[in-house]
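Notes follow the structure.
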Amino acid sequence: MKTITLIFFGILFSIAVFAQEPGLRIINRESGKEIFIKESKRVRVKNRFGQEFAGRFVVTDRGKISIDGKTIELVNIQEIQRVPILQSALTRGVLIYGGAVVTGIGVLIGAFGNPAGFLLIIPGSAMIYLGVRSKNFNKRYRIEDDWIYELDGAF
């Protein structure tokens with residue numbers, strides 16, 4: 001019975017040791033607040049040369065991440081921002097679909113009923129435009145705001 005218990009706890013301990021997920025740890029120097037972004041999450045990164053990279057990131061080596069095959073060193077990252085796929089899909093989908101519906105209703109009302117229905121094309125087009133150009137409202141973690149970036153997990 002003791003050997004089974006020891007084996008069981010040994011397996012649990014080894015799982016805890018070897019099951020670290022690689023990712024990016026973002027730490028605020030002033031407050032000590034930590035944010036952890038797991039590997040293969042969607043991010044938008046801007047480096048100090050002004051280039052922007054967006055996509056799923058992969059930890060390639062100590063001090064380096066890769067976004068869509070482009071390697072970026074952590075020391076060159078100026079700001080990083082999470083881009084959740086569900087939020088962007090819902091926001092864009094609702095605005096574009098809703099704008100198309102409003103525009104279509106405006107055309108139908110204007111063609112078969114009251115010509116003032118054509119005025120619905122204006123808000124419908126604005127909704128479509130906002131859906132195409134929708135912004136990401138998640139926080140950006142910038143070097144200027146005392147955020148530092150570290151890689152965490154197994155390499």
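Say whether the condition of being in the same structural domain as GLY93 (by TED's automatic domain parsing) and aromatic (Phe, Trp, Tyr) is met by at least one residue in region 140-147. Step through it out loud before you land on a result.
Of region 140-147, the ones in the same structural domain as GLY93 (by TED's automatic domain parsing) are none.
No.
Residues considered: GLY153, GLY113. Of these, the only one that is at positive phi and either free of Cβ contacts under 8 Å to residues at least 12 places away in the same chain or surrounded by 12 or more Cβ atoms within 10 Å (Cβ to Cβ) (or both) is GLY153. For GLY50, the conditions (1) surrounded by 10 or more Cβ atoms within 10 Å (Cβ to Cβ); (2) modelled with pLDDT of 85 or more; (3) among the small types (Gly, Ala, Ser) are fulfilled apart from (1). Name the one entry in ALA89, ALA116, ALA126 that is in a helix (DSSP H, G or I), within 17 Å of the chain's Cα centre (by Cα) and farther than 30 Å from GLU30 by Cα. None of the others qualify; the one that does is ALA89. Looking across region 1-37, the residues that are surrounded by 10 or more Cβ atoms within 10 Å (Cβ to Cβ), at pLDDT 80 or above and outside any strand (DSSP E or B) come down to PRO22, ARG29, LYS33. Residues that are of a type in the set (Phe, Trp, Tyr) and in contact with a Lys or Arg (Cβ under 7 Å, 6 or more places away or on another chain) do not occur anywhere in region 18-30. For SER40, the criteria (1) closer than 16 Å to GLY23 by Cα; (2) modelled with pLDDT of 90 or more hold in every case but one, which is (2). Do we find that VAL59 is closer than 20 Å to LYS135 by Cβ and in a strand (DSSP E or B) in this structure? Answer is no for this residue.
Could you list, in sequence order, all residues of region 129-153 that are assigned to a strand (DSSP E or B) and closer than 24 Å to LEU90 by Cβ?
Filtering region 129-153 down to residues assigned to a strand (DSSP E or B) leaves 140-142, 147-152.
ARG140, TYR141 - these are the residues of region 129-153 that are assigned to a strand (DSSP E or B) and closer than 24 Å to LEU90 by Cβ.
Of the listed requirements (1) in a helix (DSSP H, G or I); (2) among the polar types (S, T, N, Q); (3) under 17 Å from ILE37 (Cβ atoms), GLN78 misses just one: (1).
The values are calculated or read from the model by the stated rules, or taken from the named source; none is laboratory data. Since we're looking at a predicted model, the values are computed, not measured. Neighbour counts run over all protein chains shown; Cβ positions are idealised from the backbone, glycine included.
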